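J.: Before we start, here is the structure in question, set down as structure tokens.
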Amino acid sequence: MNKRIKSARQVQQHQSLFHCPICQSFMEVHESKSFICQKGHTFDFTKKGYINLTTRPSKTKYTKELFEARRELMVEQQLFEPLLEKIDAWIQNTVSRQDALTILDTGCGEGSHLARITEKLHNTFTNGVTGVGIDLSKEGIMTAAKNYPETIWAVADLAHSPFRDQSFQLLLNILSPSNYGEFSRLLKNGGYVLKVVPQQNYLTELRDAFFKDTDRASYSNDDTVDLFTRHFQLKDRIRVTYNVDLNPSSMQSLIQMTPLTWSISETDIQAVLDKHSLSSITVDLEILIGIKGHEK
Ligand SMILES: [Zn+2]
């Protein structure tokens, strides 16, 4: 079965999760080729195994090469493995196994986090685990669809998301922008949102190497937490802090994918790398876990 047909069939099995991003009407898969709403808005499945459900093209800063490098960092170097283990353990301990589990990763990038999390859950959530990953970056979704064909991947805009109300039990929002109004709409009552935000020492070695002499604003997450708790009941906060040793080429990849250094030229980056022998990096994150209450 080719990738286009496979992705069309996966979406068909779960088409009740979706609605048209233009008119919000119900959508149906036609002939393993197109996803068409009741008013005739048509989106085609691609031969690379994903569907583009955006209504206008958008360019993001990340290229396909950068996503491949990021994936290498996540999968080979296991940069976020301790974080993903914490998320996995929390889900295993908290979420009911009675029903089929639907998980949406809002801003999935190259998809490795969602793929890793759903793969583990398959063993224990025997009534079925459906992972859906969306990102505004076509390059990210292409990389995800290439490597993880068991998951549904869609290019989609979180501001016009192509899903019906209360479709998901779990939302993942890992180091990517939020849209709390949409999160609230998409979650089932009693569903959870897991938002991962950077903490004070996140990539501190890079900050020190590149910005030591400049006056950086002091770091606070109070606003993020405040905003989060206005939309969800805060159920848990889990801090995850650890160090990872990286070889020079992985360090280079990490620097490329970090927005922190985007304003710095490649020559300057190399000069900094030559001066500091960076071999280890601190990952310092917090998982904010919110629950959607029945009254909201
Ligand atoms: Zn429509």
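J.: Looking only at the stretch 135-169, count every residue that is in a strand (DSSP E or B) and touching a residue at least 60 places away in the same chain (Cβ under 8 Å) and tell me the total. Spell out how you get there, then give the answer.
T.: Step one: filter the stretch 135-169 for residues in a strand (DSSP E or B), giving 135, 152-155, 163, 168-169.
Add one more test, that the residue is touching a residue at least 60 places away in the same chain (Cβ under 8 Å), and what stays is 152-155, 163, 168-169.
Summing the residues that are in a strand (DSSP E or B) and touching a residue at least 60 places away in the same chain (Cβ under 8 Å) in the stretch 135-169 gives 7.
J.: Output the number of residues of the stretch 231-266 satisfying the condition of being within 12 Å of LEU206 (Cα to Cα) and either in contact with a strand residue (DSSP E or B) (Cβ under 7 Å, 6 or more places away or on another chain) or of a type in the set (Gly, Ala, Ser) (or both).
T.: Residues that pass the stated criteria total 1.
J.: Taking the stretch 20-29 only, how many residues are near the ligand (Cβ under 8 Å from one of its atoms) and either out of contact with any Asp or Glu (no Cβ under 9 Å at 6 or more places or on another chain) or more than 13 Å from ILE51 (Cβ to Cβ) (or both)?
T.: Initially, the stretch 20-29 is screened for residues near the ligand (Cβ under 8 Å from one of its atoms), giving 20-25, 27.
Restricting the remaining residues to those that are either out of contact with any Asp or Glu (no Cβ under 9 Å at 6 or more places or on another chain) or more than 13 Å from ILE51 (Cβ to Cβ) (or both) gives 20, 22-25, 27.
Count: 6.
J.: Follow-up. Looking at SER253, SER263, which one is of a type in the set (Ser, Thr, Tyr) and more than 29 Å from GLU81 (Cβ to Cβ)? Show your work before the answer.
T.: Numbers: SER253 fails: more than 29 Å from GLU81 (Cβ to Cβ).
None of the others qualify; the one that does is SER263.
J.: Report, by residue number, each residue of the stretch 30-39 that is under 14 Å from THR55 (Cβ atoms) and not aromatic (Phe, Trp, Tyr).
T.: Going residue by residue through the stretch 30-39, those that are under 14 Å from THR55 (Cβ atoms) are 35, 37, 39.
Passing the criteria: CYS37, LYS39.
J.: Please go through the stretch 170-187 and give me each residue that is closer than 14 Å to VAL132 by Cβ and either open to solvent by 40 Å² or more (accessible area, probe 1.4 Å) or in a strand (DSSP E or B) (or both), ordered by number.
T.: If the condition is that a residue be closer than 14 Å to VAL132 by Cβ and either open to solvent by 40 Å² or more (accessible area, probe 1.4 Å) or in a strand (DSSP E or B) (or both), then LEU170, LEU171, LEU172, ASN173, LEU187 are the ones that fit.
A quick yes/no check of all residues on (1) within 30 Å of LYS235 (Cβ to Cβ); (2) away from the ligand (no atom under 16 Å from the Cβ); (3) part of a helix (DSSP H, G or I); (4) touching a Ser or Thr at 6+ places or on another chain (Cβ under 9 Å):
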| site | (1), (2), (3), (4) |
| --- | --- |
| ILE5 | no, yes, yes, yes |
| ARG56 | no, no, no, no |
| ARG70 | yes, yes, yes, yes |
| ASP88 | yes, yes, yes, no |
| SER96 | yes, yes, no, no |
| LEU104 | yes, yes, no, yes |
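J.: For SER32, all conditions in the list (1) under 28 Å from ILE174 (Cα atoms); (2) surrounded by fewer than 18 Cβ atoms within 10 Å (Cβ to Cβ); (3) more than 16 Å from the ligand (Cβ to nearest atom) hold save one; what is the number of the exception?
T.: Going through (1) under 28 Å from ILE174 (Cα atoms); (2) surrounded by fewer than 18 Cβ atoms within 10 Å (Cβ to Cβ); (3) more than 16 Å from the ligand (Cβ to nearest atom) one by one, SER32 breaks only (1).
J.: Report every pair of residues separated by at least 6 positions or lying on different chains whose Cβ atoms are under 7 Å apart, first residue within the stretch 80-97 and more than 15 Å from THR124 (Cα to Cα), second at pLDDT below 95 and in a helix (DSSP H, G or I).
T.: If the second residue must be at pLDDT below 95 and in a helix (DSSP H, G or I), the pairs left are PHE80/MET74.
J.: Go through THR224, THR258, THR229 for me and flag whichever is at pLDDT below 95 and either open to solvent by less than 20 Å² (accessible area, probe 1.4 Å) or within 24 Å of MET74 (Cα to Cα) (or both).
T.: Numbers: THR224 fails: either open to solvent by less than 20 Å² (accessible area, probe 1.4 Å) or within 24 Å of MET74 (Cα to Cα) (or both); THR229 fails: either open to solvent by less than 20 Å² (accessible area, probe 1.4 Å) or within 24 Å of MET74 (Cα to Cα) (or both).
Just one listed residue meets the conditions, THR258.
J.: Name the residue that is nearest to TRP153 (Cα to Cα), counting only residues in the stretch 35-54 that are more than 16 Å from the ligand (Cβ to nearest atom) and either within 20 Å of the chain's Cα centre (by Cα) or in a helix (DSSP H, G or I) (or both). Steps first, please.
T.: Taking the stretch 35-54 as the starting set, the residues that turn out to be more than 16 Å from the ligand (Cβ to nearest atom) are 45-50.
Subset that is either within 20 Å of the chain's Cα centre (by Cα) or in a helix (DSSP H, G or I) (or both): 48-50.
Values: LYS48: 10, GLY49: 8, TYR50: 5 Å.
Going through the qualifying residues, I end up with TYR50.
J.: Separate question: Do we have VAL240 as modelled with pLDDT of 90 or more, closer than 30 Å to ALA271 by Cα and assigned to a strand (DSSP E or B) here?
T.: Values: modelled with pLDDT of 90 or more: yes; closer than 30 Å to ALA271 by Cα: no; assigned to a strand (DSSP E or B): yes.
Against the criterion (modelled with pLDDT of 90 or more, closer than 30 Å to ALA271 by Cα and assigned to a strand (DSSP E or B)), VAL240 does not qualify.
The values are calculated or read from the model by the stated rules, or taken from the named source; none is laboratory data. Since we're looking at a predicted model, the values are computed, not measured. Glycine also receives a Cβ, built like all others from the backbone with ideal geometry; neighbour counts cover every protein chain displayed. Calculation scope for accessible area: heavy atoms of the full protein, side chains included, ligands and nucleic acids excluded. Shrake-Rupley method; radii C 1.70, N 1.55, O 1.52, S 1.80 Å.
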